[in-house]
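What follows is a short report on a single structure.
The values are calculated or read from the model by the stated rules, or taken from the named source; none is laboratory data. The structure displayed is predicted, hence computed values, not measured ones. Cβ coordinates were reconstructed from backbone atoms using ideal geometry, including for glycine residues, and neighbour counts include every protein chain displayed.
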Amino acid sequence: MNDVEDKGVAITLGVLAMAGAVLVGTQLRWVSSEKAMVERQLSTLADRSTAAKTAKKQAEDLLHQREEQIKRAGETEAKYAALLTDLLELSKTDLDAQQITQKWKIQGAGVATPAAATAPKPASPEAGARPEKAPAKAPAGR
């Protein structure tokens, strides 16, 4: 081979080596920037995980408090129901208790209210919108 060809091969190999070095350098720079971004994402994810655990704990505490409130409300309701039942029983014999039950319209379960007893009954679904007609009378014999 002659000197010109050797120089061309050397230049070509040099250019390829430089391109490879630039490519490797670019890739290393890109990887380092990606590493920083991934580290930020991991940090954010850890913060969100901690916040989610805290929120879950708070929700469980609130749920427990609500359950206690519901339990106390049920106990209070049972006490009032017993009191009103005693008042209704007492109203059968005591005039003052009867006045209280009438004034506050206290009634036992299954007792119809005066308004409900006098209210018109709604039409049944089978009846439709038409009022019922009286059966027609047979014509007098001819």
Q: Could you please find all residues in region 62-99 being of a type in the set (D, E) and in a helix (DSSP H, G or I)?
A: E67, E68, E75, E77, D86, E89, D96
**Q.** Looking only at region 84-98, and only at residues there that are of a type outside the set (D, E) and surrounded by fewer than 10 Cβ atoms within 10 Å (Cβ to Cβ), the one that is nearest to the chain's Cα centre (by Cα)
**A.** K92
**Q.** Residue that is modelled with the highest pLDDT [pool: residues in region 1-27 that are loosely packed, with under 10 Cβ neighbours inside 10 Å and assigned to a helix (DSSP H, G or I)]
**A.** E5
